[in-house]
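Structure, as structure tokens:
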Amino acid sequence: MNRETWLEKGVKELSKSVFKPAGLTTPKVAVTLSLMAGKVTTANRKNVGAIGQNLPQSMSSDGICNIFMSPTFFHRGNSSRVLDVLAHELIHAIDNNKSGHGKPFRDMAHKIGLTGKMTATIASPELKEKCDKIVKKIGKFPHGKITINHVPQKVRNIKVECECCDFSFRTSRMNIKQMSSHDCLSCGTEDALYVA
């Protein structure tokens, strides 16, 4: 199975098992893996690439929303996270990007089980369980993480970051190899730690 087929199956399964029970109907969308159209700046002024993006119907000659998922963020190891970010982007598609991350978006996000800051939602335990079931059904996301312009670190301790929060720390390569879990020590998100 290729990546787009997996993402399309993800949309279908999310529509059926997450959105429909919440009384929400997802529109037809095109979904693919792609670098984003711009940068996102966090509160501490650190530039990070967007991990998901929905373009409204008006930007497509087909008249459908186009969802892009980051190839530098998602990979086999965070397949469940791919689905919860895809769910976030599907909410934007439902209202054709009209409400941004305002109240209508927030209400729908809470209905399906997305929590946290609305510009960077994460799955509630209930939604994560549903996403995990979908991954079990359709398999892991068939993609290895891509690193662009990676400059090897020259210091002994390597920086490890969480993909969901601003938590980071430095440790030796040996300690990284010995880690039994890549769960974030700050926010608790499973498989969220990666070598920066």
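The values are calculated or read from the model by the stated rules, or taken from the named source; none is laboratory data. Just so it is clear, the model here is predicted, and its values are computed rather than measured. Glycine also receives a Cβ, built like all others from the backbone with ideal geometry; neighbour counts cover every protein chain displayed. When the accessible area is computed, the model is the full protein with side chains, heavy atoms only, and any ligands, DNA or RNA have been set aside. Shrake-Rupley method; radii C 1.70, N 1.55, O 1.52, S 1.80 Å.
In contact with a helix residue (DSSP H, G or I) (Cβ under 8 Å, 6 or more places away or on another chain), of a type outside the set (Ser, Thr, Tyr) and open to solvent by 20 Å² or more (accessible area, probe 1.4 Å), is that true of Val160? For Val160, the condition - in contact with a helix residue (DSSP H, G or I) (Cβ under 8 Å, 6 or more places away or on another chain), of a type outside the set (Ser, Thr, Tyr) and open to solvent by 20 Å² or more (accessible area, probe 1.4 Å) - is not met. The number of residues in the range 179-196 being among the small types (Gly, Ala, Ser) and under 21 Å from Ile146 (Cβ atoms) comes to 2. Taken together, the residues in the range 104-117 that are modelled with pLDDT under 95 and at positive phi amount to 1.
In this structure, does Thr119 turn out to be open to solvent by 80 Å² or more (accessible area, probe 1.4 Å) and in a loop (DSSP other than H, G, I, E, B)? Against the criterion (open to solvent by 80 Å² or more (accessible area, probe 1.4 Å) and in a loop (DSSP other than H, G, I, E, B)), Thr119 does not qualify.
Examine the range 129-138 for a residue that is assigned to a helix (DSSP H, G or I) and within 21 Å of Met36 (Cα to Cα), and state whether such a residue exists. Checked the range 129-138: no residue is assigned to a helix (DSSP H, G or I) and within 21 Å of Met36 (Cα to Cα). Within the range 104-116, the residues that satisfy the criterion of being part of a helix (DSSP H, G or I) and touching a residue at least 60 places away in the same chain (Cβ under 8 Å) are Met108, Lys111, Ile112.
Tell me whether the range 145-168 contains one or more residues that are among the hydroxyl-bearing types (Ser, Thr, Tyr), more than 26 Å from Glu4 (Cα to Cα), at pLDDT 85 or above and part of a loop (DSSP other than H, G, I, E, B). No, the range 145-168 contains no residue that is among the hydroxyl-bearing types (Ser, Thr, Tyr), more than 26 Å from Glu4 (Cα to Cα), at pLDDT 85 or above and part of a loop (DSSP other than H, G, I, E, B).
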